[in-house]
Amino acid sequence: MRQIEAGSYYSYLTEGCKLCREGAKLVLFITGLCNNSCFYCPISEEKRGKDVVFANERKVVTIDDFVEEVNLMDAEGVAITGGEPLLKLERVLEFLKLSDSLGLHSHLYTSIPAKESVIESLSKFLDEIRFHPVELKNVGKYEESLVLAKKHGIEAGFEIPAIDYNSQVVEILNRHDAFLNLNELECSPTNFEALITRNFEIEDYYVDCNEIAKKYEIVEKFHYCTARFKDSVQFRRRLLRMAHKLANNSKIYEVTDDGTIVCGFVEGNAKNISKAKKILRENRLEFVEVENGIEVSISTIEKLGEYLKAEGLSLSVIERYPTSKRTVVEVIPL
């Protein structure tokens, strides 16, 4: 076993997991529809039970939204999740075909023991499939699908939460040289009550599942992924990719160690914003128009701050996520 960050460890990592570890995987939430109601499901109310598509935090209305998110983070792969992706097979195939044309590695999660016809259609574009036996029940019914996936050239395995030990999982995976991704239980507003009711001990935003993980170490291709790893390593590295991409394309932005970006912010009414843009252009200073103002460099604020304020504009330094939602984490008014 090899120990890595935030309590995660492995004897084997799929290519999909390697890219996730680097923050290079775009998460494509293909639908919130699902034919199961797993008690541990952490999906938000915004998505649960709704037929919506998200690429990371960006709502996808057209294919262009997906491509923009790929470019925003310089993605090297796509992780297709839900809900239950295979309830929208044609949509999955559409995005897989596009991802393949963009040179992206692809993996997909499903709780459906897919038939050969489905697997064959996926195999034209899909690199990796992760079956999820629902609540670790009826594990055996996934064995044939796993074998068929490998037959069609898709790397296959199980991805399960560490809710309990199931010896059949181990037997099936070792028999077919398939992998296990075991996930530490994540706590969210939508699964908190269910976890508490079942006597899981919650620490901050996760359940410590180390004792269960140790039992699964006899799987030859094993990976234990903690909730802390996903938050402090995987997500942070994805943010850093986005932040550095923005900073490389524009001198406006400074990147923090946490993957957020810092810049100046100019806001005001439409008339005053027009004045600000004219002033910035006259001084040949770079700016980015956003929904409720203008982003500029901190040096621009230092250089023209008093002049801009005299024109009725409000100035601040902001720290925000480099995502499409532009979530602001700190504002320092000037």
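Can you compute the modelled spin-label distance between D257 and K115, with each label point 7 Å from Cα toward Cβ, in nm?
5.5 nm
Report the net charge of residues surrounding R91, where surrounding means a beta-carbon distance below 13 angstrom and charges are Lys +1, Arg +1, Asp -1, Glu -1.
Its environment carries a net charge of -2.
In the chain, if the dipole is taken from +1 on Lys/Arg beta carbons and -1 on Asp/Glu beta carbons about the Cα centre, which of G77, I112, V296 is farthest to the positive end?
V296
Indicate, rounded to the nearest 5 percent, the antiparallel portion of the DSSP beta bridges found entirely in the chain. Before the final figure, lay out each step's value.
Numbers: 32 of 60 bridges.
Looking only at bridges with both residues in the chain, the antiparallel portion is about 55 percent.
For segment 251-333, report the translational diffusion coefficient in µm²/s to the nearest whole number, using Stokes-Einstein at 10 °C, 1.306 mPa s, and a Kirkwood Rh over Cα pairs.
124 µm²/s
List the relative contact order of the chain as a percent without decimals, with contacts defined as Cα pairs under 8 Å and 6+ residues apart.
Relative contact order comes out at 16 percent.
Evaluate the charge dipole of segment 208-259 about its Cα centre and quote only its size in Debye, nearest 20, assuming +1 on the Cβ of each Lys and Arg and -1 on the Cβ of each Asp and Glu.
Rounded to the nearest 20 debye, it is 280 debye.
Are any of the pairs K25/K97; K25/K151; K151/K230; K18/K214; K50/K97; K141/K214 more than 27 Å apart by Cα-Cα distance, and if so, which? All intermediate terms of the calculation are to be shown ahead of the outcome.
On the way: K25/K97 16 Å; K25/K151 25 Å; K151/K230 31 Å; K18/K214 22 Å; K50/K97 24 Å; K141/K214 25 Å.
The pairs that break the limit, which is 27 Å between Cα atoms, are K151/K230.
Can you list residues whose amide H is under 5 Å from V27's amide H, if they're 5+ apart or on another chain and H is modeled 1.01 Å from N?
Close amide H contacts, sequence-distant or interchain: N56, A79.
Determine the distance separating the Cα centre of segment 243-276 from the Cα centre of segment 115-169; give it in Å without decimals.
Segment 243-276 and segment 115-169 have Cα centres spaced 44 Å from each other.
Give me the dipole magnitude in Debye, nearest 20, for the chain about the Cα centre, with unit charges on the beta carbon: positive for Lys and Arg, negative for Asp and Glu.
Around 680 debye, computed over the chain.
All other residues with a Cβ under 12 Å from the Cβ of I63 taken together, and with Lys, Arg as +1 and Asp, Glu as -1, what is their net charge?
Net charge in that neighbourhood comes out at -3.
DSSP loop (so not H, G, I, E, B), at most 14 other Cβ within 10 Å: list which GluC sites (Glu not before Pro) in segment 45-152 pass both filters.
Counting only loop positions with at most 14 other Cβ atoms within 10 Å, the GluC sites (Glu not before Pro) in segment 45-152 are E45, E46, E57.
Tell me which trypsin sites (Lys or Arg not before Pro) from segment 231-334 have a DSSP coil assignment and no more than 14 other beta carbons within 10 Å of their own. Walk me through the numbers before you get to the answer.
Values: sites: R236, R237, R238, R241, K245, K251, K271, K275, K277, K278, R281, R284, K303, K309, R320, K325, R326; in loops: K251, R284, K325, R326.
Counting only loop positions with at most 14 other Cβ atoms within 10 Å, the trypsin sites (Lys or Arg not before Pro) in segment 231-334 are K251, R284, K325.
Tell me the angle of helix 270-282 to the major Cα principal axis of the chain, expressed in degrees between 0 and 90 and rounded to the nearest ten.
On a 0 to 90 degree scale, this one is about 80.
Determine, for segment 251-333, the count of lysine pairs separated by eight or more sequence positions (or lying on different chains) whose alpha-carbon distance falls under 16 Å.
Counting lysine pairs in segment 251-333 gives 7.
For the pair I218 and L136, how long in nm is the line joining their label points, each one 7 Å along Cα→Cβ?
1.4 nm
Can you tell which of F235, N166, F200 lies farthest toward the positive end of the dipole of segment 156-247, using +1 and -1 charges on the Cβ of basic and acidic side chains (Lys, Arg; Asp, Glu)?
About the Cα centre, the residue reaching furthest to the positive side is F235.
How much FRET efficiency would the formula 1/(1 + (r/R0)^6) give for V317 and E46, where r is the Cβ-Cβ distance and R0 is 30 Å, rounded to 0.05?
Numbers: r = 30 Å, r/R0 = 1.00.
For V317 and E46, the calculated efficiency is 0.50.
Once you keep just the Cα pairs under 8 angstrom separated by 6 or more residues, what percentage relative contact order results for segment 1-153?
Reported relative contact order: 21 percent.
In nm, to one decimal, how far is the C38 label point from the K303 one, both placed 7 Å along Cα→Cβ?
Going from the C38 label point to the K303 one covers 5.3 nm.
Can you pull out the GluC sites (Glu not before Pro) in segment 153-260 that DSSP calls coil and that have at most 15 other Cβ atoms within 10 Å?
When the GluC sites (Glu not before Pro) of segment 153-260 are filtered for loop state and at most 15 Cβ neighbours within 10 Å, E201, E220 remain.
Values quoted throughout were computed directly from the atomic coordinates according to the rules given, and no laboratory measurement underlies them. Quick caveat: nothing in here was measured; it's all calculated off a predicted structure. When we count neighbours, we look across all protein chains shown, and the Cβ atoms used for this are built from the backbone with ideal geometry, even at glycine.
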